[in-house]
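The values are calculated or read from the model by the stated rules, or taken from the named source; none is laboratory data. Here the structure is a predicted model, which is why all the values come from computation and not from measurement. Glycine also receives a Cβ, built like all others from the backbone with ideal geometry; neighbour counts cover every protein chain displayed.
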Amino acid sequence: MMECCYIKEVVKGFFSLCTGMRVTMGNVFTRPATVQWPRESAPLPDRFRGHIMMLADDATGYPKCIACTSCARNCPSQCIIVTGKKPEGAKKKMADRFELDFTKCSLCGLCVEICPVGALDFSRDYALASYTRNDFTTMDLLQELGSPF
Amino acid sequence: MNISLLSVVGYLVAIAALVGLNAVILVWLERKVAGHMQFRLGPMEVGPHGILQTLADGIKLVSKQLVIPDEADKPLFLLAPIVSLVPIFAAMVPLPFSETVQAWELNIGLLLIIALGLLNTLGILLAGWGSNNKYALLGGARAVAQILAYKIPLLICVMTIIMMTGSFSLRDIAIAQKDTWNVLYQPILFIVYIITVTLETNRSPFDFSEAESELVAGFHTEYSGMGFSLFFLAEYSYMFIAAGLATVLFLGGWHGPWLPGVAWTLIKIYSIIFLMMWFRWTFPRVRIDQMLSFGWKILLPLSLINFIITAGVLAL
């Protein structure tokens, strides 16, 4: 009886080892999960939340923002500064300064939700790095857009 | 038997080149195999597919300071990596790569390799003792404690092959397998041999003497720079010798169709080394008592029964 169990154990153990080796050899022939950043990058999810960015009006190329300051007032971290004035001859106000303190921002998205004209959105820019924190304490979101002033 | 000084120097240089090149390739291969078995890529940056990674690491290791602990036994501490590495140069001598490529035909080549293989353990023990470090000492003690559990089955394996061939000469053993490889006669013995050499070369799942999750780095905890890399060199060279011995004992040495003998020998050697790497990245480390009971209760009876049956068949 004992001998039977012993031999059974040995044979069973041997085959379980073979199973393990089959698994690792299977891994060798599977595509590696590694993404070789920065030469290649993984696809971003659709709902990725980067820092907020200002959208431009398609017709004029100016920022859509009407400087209502809803975003600044609703921001729980108080990290948005907006000021605005009327361009010459225009009826509506437009933002002349829109600064984000990204060091405080928690990416909650309240500003994006509250904006009455849909001027804000999350950017897909995640590769942020700088030698000085000042680059992030006052991020000028209007910089890349046209300006009426 | 006339040996000129020139040929001795030639062989030494060739063996040294082989040892170095082998380690460079194997370290890279090990990391590649490890990577791909874990869905990773392994080294990719230095050279195409990271092939020059080991060279870069080697240069780094050479340029590092060799730190000797305050309370260490200095002569032994410095001697240990050398004791570990030097026997390899002698153990490579009787290894035949083909009918004609062999440093020196020895009629007891097999015994020489088995005996010199033991010196590796001496090196580990010296390192463990000389470091004056509890982890290192434990690693050294473990290396010595496991010798008996694997050496006896290993020797019985080798004895069976010697009995079948009637010669201690590796060349004769390889020539005797011209038509049929020994692995076809002795498949179980081949498995036992592979397990015992995995034990002998201190490789996972039996890497007790360096068990990084238990003993930091075991016997080479205190070694830095070249001291450490000599141990590394020794480990990979012992793998090469163990695989070379397996090739000659079981896989017919240089015999094979189409390709020249040296190519066949190297293909077989590196296949067995790949098998050992495959073990390492598949199996978790066993406990030392599990390994001892495995050695005494399974490997020893298996190889003994095989020995007796082979003796019986040969007597008929």
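When you go through (1) at pLDDT below 85; (2) among the charged types (D, E, K, R); (3) more than 30 Å from the chain's Cα centre (by Cα) one by one for residue A:22, which number turns out not to apply?
Condition not satisfied by residue A:22: (1).
Give, as residue ranges, the helices (runs of 4 or more DSSP H) completely inside segment B:146-251 that count at least 1 residues that are touching a residue at least 60 places away in the same chain (Cβ under 8 Å), small (Gly, Ala, Ser) and in contact with a Leu (Cβ under 6 Å, 6 or more places away or on another chain).
B:147-165, B:225-250
Is one or more of the residues making up segment A:93-111 surrounded by 12 or more Cβ atoms within 10 Å (Cβ to Cβ), aromatic (Phe, Trp, Tyr) and under 23 Å from residue A:47 (Cα atoms)?
Yes, segment A:93-111 contains a residue that is surrounded by 12 or more Cβ atoms within 10 Å (Cβ to Cβ), aromatic (Phe, Trp, Tyr) and under 23 Å from residue A:47 (Cα atoms).
Mind checking whether some residue in segment A:74-86 is small (Gly, Ala, Ser), closer than 30 Å to residue B:276 by Cα and surrounded by 11 or more Cβ atoms within 10 Å (Cβ to Cβ)?
Looking for residues that are small (Gly, Ala, Ser), closer than 30 Å to residue B:276 by Cα and surrounded by 11 or more Cβ atoms within 10 Å (Cβ to Cβ), one finds none in segment A:74-86, hence no.
Looking only at strands (runs of 3 or more DSSP E) that lie completely in segment A:66-136, which have at least 3 residues being under 18 Å from the mean Cα position of the chain (by Cα)?
A:120-122
Against the condition of a type in the set (Val, Ile, Thr) and over 30 Å from residue A:11 (Cβ atoms), how does residue B:100 come out, does it pass?
Spelling it out, residue B:100 is indeed of a type in the set (Val, Ile, Thr) and over 30 Å from residue A:11 (Cβ atoms).
Look at segment B:261-288 and say how many of its residues are assigned to a loop (DSSP other than H, G, I, E, B) and modelled with pLDDT under 85.
0
Can you list residue pairs whose Cβ atoms sit under 6 Å apart, with the first residue in segment A:131-149 being in contact (Cβ under 8 Å) with a residue 12 or more places away in the chain and the second being surrounded by fewer than 14 Cβ atoms within 10 Å (Cβ to Cβ) and part of a loop (DSSP other than H, G, I, E, B)? Count only pairs 6 or more apart in sequence or on different chains.
A:146/A:61
Taking the conditions exactly as written (surrounded by fewer than 19 Cβ atoms within 10 Å (Cβ to Cβ) and either within 23 Å of the chain's Cα centre (by Cα) or within 14 Å of chain A (Cβ to nearest Cβ) (or both)), does residue B:26 satisfy them or not?
no
For segment B:296-312, does any single residue satisfy the condition of being away from chain A (no Cβ under 14 Å) and basic (Lys, Arg)?
Within segment B:296-312, none of the residues are away from chain A (no Cβ under 14 Å) and basic (Lys, Arg).
Anything in segment A:22-35 that is within 20 Å of residue B:29 (Cβ to Cβ), assigned to a loop (DSSP other than H, G, I, E, B) and within 7 Å of chain B (Cβ to nearest Cβ)? List them, or say none.
A:30, A:32, A:34
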